[in-house]
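Below is one structure, written out as structure tokens; the observations come after it.
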Amino acid sequence: MWKKIGDRESGKLRPNSFITRIRSNRASSLHLSNHKELVSSHRGSVNSLQVDLTEGRYLLSGAADASLAIYDIQRATDYEAGGLIAKHKPILVDKQHQNAHKYAISTAIWYPIDTGLFVTGSYDHHIKVWDTNTTQVVMDFKMPGKVYRTAMSSLATSHMLIAAATEDVQVRLCDMASGAFAHTLSGHRDGVMAVEWSTSSEWILMTGGCDGAIRFWDIRRAGCFSVLDQSHSQLGRRPPLADKSTTKVSTSKARAPPRKVGSGSSSKHSGNSKIIKQTKGSAKQRLHPGLLTSQDRATAHYGAVLGLKATEDGMYLLSAGSDSRLRLWDIQSGCNTLVHYEIVRLQSSKAIQLDVSQDSGVVFLPCMTSIKAFDMWSGKSKMTLQGHYENVNCCCYSSHDQELYTGGNDRQILIWSPLKQIPADVDECDRSTGQPLAADEDNWSD
Amino acid sequence: METSNNNPSTSRKRSRSEDNSAPESNQSHSLDNLIFSDTMVALQMMRAQFPRIDKVSVEPFILQSQLYSSVKDRTQVDRELESLRREKVLRVFKLNTGQDDHALMFMEDYLKQMKRAVKSMETKKQGVFEWFEVHVIHSKPEPCIGHQELLSLLSLGGKVKDEDISLLINAGLLTRQLIDSEMYWFAIPNIGSVLKGLTQGRKELLSLLNRKKYKEMMLAILEKKRLRLSPLDIRFHLRDLLGSGHLKTIQTPSGLVIRVVKN
């Protein structure tokens, strides 16, 4: 370690590779934290966790008993066991609020710009926007079905849309600026369980439905422009350059043109759809070219899509399905990269939240009662984190501290971090000074 | 380095740490001119070790979970299967015996099985089966096909009616999908009793191990057992359950032990 610091100082080791090496070392040695604990006061299973995107300081959790909690994960509230274990109590727990949700909260996300607002979605068909400091509901959207997931784009500079995935087949976009619905995206044939904004464009939304399809939407246009098909695959991280023999069989099925389409080809496709309708024998209306992909029945999974996560560079998408598969998709080519992650079983009734570490390419996936960490490119299982007593629903990785937060049906939120060295001479110091050892004297505030 | 013998009737299940690199050399295949990858060798070995069933004549098929337990790197298996599928060397079929079961069959074996099934069906209109073989099987390597596409591919052979598709379903070559009424799965005909044996054999093997005190058994003893309910041999089931993660192997000083994975 010291040698590496010396190398960095003398210029032998580049600072970026130094940082990546340390981060990946820490990320591959996660254990149940021996120096940090969250005191969870939820009385229902923890359904959603998110660390805020601006500072990485506050953890927001939503539970099945309609309670929310915010934890300050960098400053502990008190210390136990002679200052060795930092206990973090929630800053805000909300159950008896008059505007609180009535049923389970399925998703709680921070407003991506700052921690002054957060958005929660619940099985009581409502999406509420809360003001953190006053803990008041400032906006309320009523949905036609149970809300499974909400998402806001962290890249957005020109819109403040909340994408809502509900048990209804349409994905709705709620506008925070105006308090009304912006528009709806139709195309799925069953409820939508997972929704995720693209990490490379503020206009692109990815949704995964209970019908097993993953659709890509450009919200400025009608209809989705791409449906991921698990039989379209590429053998490797990126498709080979020279080999243009695509596996996309051009069929008489009407398919929306991939990506940006010129007006010429869209008229050709609408011509195709007319022909299809006539051979079917029933006189149907001509479909809008944007809705052509509602004919596309390609599935990404043999069951429902339970969770989606895009990598930070915007090039790959991970999707977890109830057929107990985790698939890695190349977003630009729309192909399955065929990386096989060794999973035996995934819970199939609830949406799960998976996470990817930023640099080291580690995927954290809740598998029943444990969390498995996989190497993203080879699919090998690096670690299995066993600690929860019941099924794990959500996990959130903070790349700032290399810590993993997981919440499960056992109402606990566990912290997994690289082990901290406990000084051997701790007992003598404690008795002599009588003060908590690890108390941080810089931890003061007006 | 390789200590297994080439004789199929006595070759034991390989331990998982060894790489399988001994091809079955006493078979005359038309596949000898293909490049041997690890997956290909495993496929051929398992095809040769497919148990002979007396009452039903079924061409050898391999389950995908068996491949996962024989070759270490699963991503490599998936990618090699994909390239073999694209080259039309083998076909992938989705089975209905539980979640995510896929059967792999070499193209010639499948065509033989298909011809056998078609011959046993006494119908007048045999033309539709030829069109199916020529136009659909050879051009569509995926395990499923949509209704419109099926009609358009079959009509390359001649005039197609809906009754022809019913003929194909009756012969066992196509199955409707439960989730989606417009899509069909390709299926292996006349395989029903073997699949029933597969599910029952799995249950029997798992219950055999679950009844033990520590839910484990030595591999040497387990291999000699015979399953009552399944016509497939125990090695077939062992490979399948190891690949799907229900069982695991543990190296002990007295040999390999098979244990049930608890979760």
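Please arrange B:Arg79, B:Arg176 by how many other C-beta atoms lie within 10 Å of their C-beta, fewest to most.
Numbers: B:Arg79 21, B:Arg176 14.
Ascending Cβ contact count within 10 Å gives the list B:Arg176, B:Arg79.
Arrange A:Tyr316, A:Tyr302 by Cβ neighbour counts within 10 Å, fewest through most, would you?
On the way: A:Tyr316 23, A:Tyr302 16.
Placing the least packed residue first, the sequence is A:Tyr302, A:Tyr316.
Tell me which residues come under 5 Å, amide H to amide H, from A:Ile413 once H is placed; ignore anything under 5 positions away on its chain.
Those qualifying (amide H under 5 Å, at least 5 residues apart or on another chain) are A:Ser40.
Collect residues whose amide H, placed 1.01 Å from N in the peptide plane, falls under 5 Å from the amide H of A:Ile85; neighbours closer than 5 in sequence don't count.
A:Glu80
Once you've got the Cα coordinates, tell me which of B:Lys55/B:Lys115; B:Lys72/B:Lys215; A:Lys89/A:Lys350; B:Lys72/B:Lys112 are over 20 Å apart.
Working: B:Lys55/B:Lys115 18 Å; B:Lys72/B:Lys215 25 Å; A:Lys89/A:Lys350 27 Å; B:Lys72/B:Lys112 31 Å.
From B:Lys55/B:Lys115; B:Lys72/B:Lys215; A:Lys89/A:Lys350; B:Lys72/B:Lys112, over 20 Å: B:Lys72/B:Lys215; A:Lys89/A:Lys350; B:Lys72/B:Lys112.
Using alpha carbons only, how many angstrom separate the centre of the stretch A:19-34 from the centre of the stretch B:194-233?
About 42 Å separates the Cα centre of the stretch A:19-34 from the one of the stretch B:194-233.
May I ask you to list the trypsin sites (Lys or Arg not before Pro) in the stretch A:1-87 that are in a DSSP loop and have at most 13 other Cβ atoms within 10 Å of their Cβ? Walk me through the numbers on the way to the answer.
Details: sites: A:Lys3, A:Lys4, A:Arg8, A:Lys12, A:Arg21, A:Arg23, A:Arg26, A:Lys36, A:Arg43, A:Arg57, A:Arg75, A:Lys87; in loops: A:Lys12, A:Arg43, A:Arg57, A:Arg75.
Of the trypsin sites (Lys or Arg not before Pro), the ones in loops of the stretch A:1-87 whose Cβ has at most 13 other Cβ atoms within 10 Å are A:Lys12, A:Arg43, A:Arg75.
Suppose R0 equals 41 Å; then what is the FRET efficiency for A:Ser381 and A:Gln96 from their Cβ-Cβ distance, rounded to the nearest 0.05? The partial results should precede the final answer.
Details: r = 43 Å, r/R0 = 1.05.
It comes to 0.45.
Write out the trypsin sites (Lys or Arg not before Pro) in the stretch A:191-236 meeting two conditions: DSSP loop, and at most 16 other Cβ atoms within 10 Å of their Cβ.
On the way: sites: A:Arg215, A:Arg220, A:Arg221; in loops: A:Arg220, A:Arg221.
Sites meeting the loop and neighbour criteria: A:Arg220, A:Arg221.
With a ≥ b ≥ c the root eigenvalues of the C-alpha gyration tensor of the stretch B:137-200, is it rounded (a/c under 1.5), prolate (a/b larger than b/c) or oblate?
Numbers: a/c = 2.05, a/b = 1.87, b/c = 1.10.
Judged from the Cα gyration tensor, the stretch B:137-200 comes out prolate (a/c at least 1.5, a/b above b/c).
Check each of the GluC sites (Glu not before Pro) in the stretch A:10-98 and keep only those in coil by DSSP with at most 14 other C-beta atoms within 10 angstrom; list them in order.
On the way: sites: A:Glu37, A:Glu55, A:Glu80; in loops: A:Glu55.
Sites meeting the loop and neighbour criteria: A:Glu55.
About the Cα centre of the stretch A:177-244, what is the dipole size in debye to 20, counting +1 per Lys and Arg Cβ and -1 per Asp and Glu Cβ, all else neutral?
200 debye
Ignore the peptide's own chain and count Cβ atoms of other chains within 10 Å of each Cβ in B:71-79; give me the average, rounded. Show your work: numbers first, answer last.
Numbers: counts 0, 1, 4, 8, 12, 4, 2, 8, 8.
For this peptide, the per-residue mean of nearby foreign Cβ atoms is 5.
Suppose every K and R has +1 on its Cβ and every D and E has -1 on its Cβ; what is the size of the dipole of the stretch A:132-232 about the Cα centre, in Debye to the nearest 20? Could you put the intermediate results ahead of the total?
Numbers: 8 positive and 10 negative charges, 23 e Å.
Here the stretch A:132-232 has a charge dipole of around 100 debye.
Any idea how far apart A:Val344 and B:Leu195 come out in nm if each label point goes 7 Å out from Cα toward Cβ?
2.6 nm
Would you please give the residues with an amide H less than 5 Å from that of B:Ala187, counting only those at least 5 places away or on a separate chain, with H modeled from the backbone geometry?
Amide H to amide H, under 5 Å and 5 or more residues apart or across chains, B:Ala187 pairs with B:Leu174, B:Thr175.
Can you work out the Karplus-derived ³J(HN,Hα) for every residue in the stretch A:320-327? Use 6.51 cos²θ - 1.76 cosθ + 1.60 with θ = phi - 60°, whole Hz, and x for glycine or proline.
Residue by residue, the stretch A:320-327 yields 10, x, 7, 7, 6, 10, 10, 10 Hz.
To the nearest 0.05, how large is the calculated FRET efficiency for A:Glu312 and A:Ser445 if R₀ is 41 Å and r is the Cβ-Cβ distance?
On the way: r = 32 Å, r/R0 = 0.78.
Computed FRET efficiency for A:Glu312 and A:Ser445 comes out at 0.80.
None of the figures in this text is laboratory data; all of them are computed from the coordinates on show. Nothing here was measured: the structure is a model prediction, and the numbers come from that model. Reconstructed Cβ throughout: ideal geometry from the backbone, glycine too, with neighbour counts over all protein chains shown.
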